[in-house]
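Take a look at the structure below.
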Amino acid sequence: MNTAPTIRAAKEEDCSLVLHFIKQIAAYENMSDDVIASEQLLHEYLFVKQRAEVIFVMEEGKEVGFALFFYNFSTFLGRSGMYLEDLYVEEAYRGRGYGKALLQELARLAIERQCGRLEWCCLNWNQPSIDFYLSLGAEPMSEWTTYRLSGTNLSALAQSQQ
């Protein structure tokens, strides 16, 4: 890396680029078949409903990675937290500090926006990422298990009688 990376927030015209990175991380995680996001959905949820935000890391004017995040709420802290849904740097640009630059920007935003914490999940088999996160001082929450309802199970619960 010749110069410090540039970070910029996504704009409405970046929906195809956001989708590109989503598809890249899905391929990396062997989950490409799960991607149903579209540019239209991303536009609606990122820019109309403002449910999440995206930042890009750039090298010489080219976006080489992204982070998508949103806010949750900690009842114990009594304030919002920041949740990192996805962080991805293109393979050819890894090892240059771009992942760290994205996390540094997220940490800066979390502090600026008075968030109590920054959290994310990592696949158990993704040892390179686990090692990277540990090197930054992140702590695994080993006593917690993530649960998910989606698709037909989510619909079934929503429609069930008490």
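Only one of Val64, Val57 is over 14 Å from the mean Cα position of the chain (by Cα), more than 18 Å from Leu123 (Cβ to Cβ) and in a strand (DSSP E or B); which? Walk me through it before giving the result.
On the way: Val57 fails: over 14 Å from the mean Cα position of the chain (by Cα).
Among Val64, Val57, only Val64 is over 14 Å from the mean Cα position of the chain (by Cα), more than 18 Å from Leu123 (Cβ to Cβ) and in a strand (DSSP E or B).
Here is a list: Phe73, Phe47. Which entry is over 22 Å from Arg94 (Cα atoms), of a type in the set (A, V, I, L, M, F, W, C), in contact with a strand residue (DSSP E or B) (Cβ under 7 Å, 6 or more places away or on another chain) and without any contact (Cβ under 8 Å) to a residue 60 or more places away in the chain?
Phe73
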Check on Val18, over 26 Å from Arg117 (Cβ atoms) and either free of Cβ contacts under 8 Å to residues at least 60 places away in the same chain or out of contact with any Cys (no Cβ under 6 Å at 6 or more places or on another chain) (or both): no
Output the number of residues of the stretch 1-18 satisfying the condition of being surrounded by 17 or more Cβ atoms within 10 Å (Cβ to Cβ) and in contact with a helix residue (DSSP H, G or I) (Cβ under 7 Å, 6 or more places away or on another chain). 5
Could you tell me whether any residue of the stretch 71-93 is part of a loop (DSSP other than H, G, I, E, B), modelled with pLDDT of 95 or more, under 19 Å from Tyr28 (Cα atoms) and not small (Gly, Ala, Ser)? yes
Inspect the stretch 114-124 for any residue being without any contact (Cβ under 8 Å) to a residue 12 or more places away in the chain and farther than 21 Å from Val57 by Cβ and give the result as yes or no. yes
Sort out which residues of the stretch 1-50 are part of a loop (DSSP other than H, G, I, E, B) and not hydrophobic (A, V, I, L, M, F, W, C), and write them in order of number. Asn2, Thr3, Pro5, Lys11, Glu29, Asn30, Ser38, Lys49, Gln50
Please work out which residue is nearest to Ile36 (Cα to Cα), limiting yourself to the stretch 115-147 and to residues that are touching a Leu at 6+ places or on another chain (Cβ under 9 Å) and part of a loop (DSSP other than H, G, I, E, B). Cys121
Does Leu109 satisfy being closer than 27 Å to Trp144 by Cβ and not in a helix (DSSP H, G or I)? no
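The values are calculated or read from the model by the stated rules, or taken from the named source; none is laboratory data. The model shown is predicted, which means the values in this text are computed figures rather than measured ones. For neighbour counting, all protein chains shown are included, and Cβ atoms are generated from backbone atoms with ideal geometry for every residue, glycine included.
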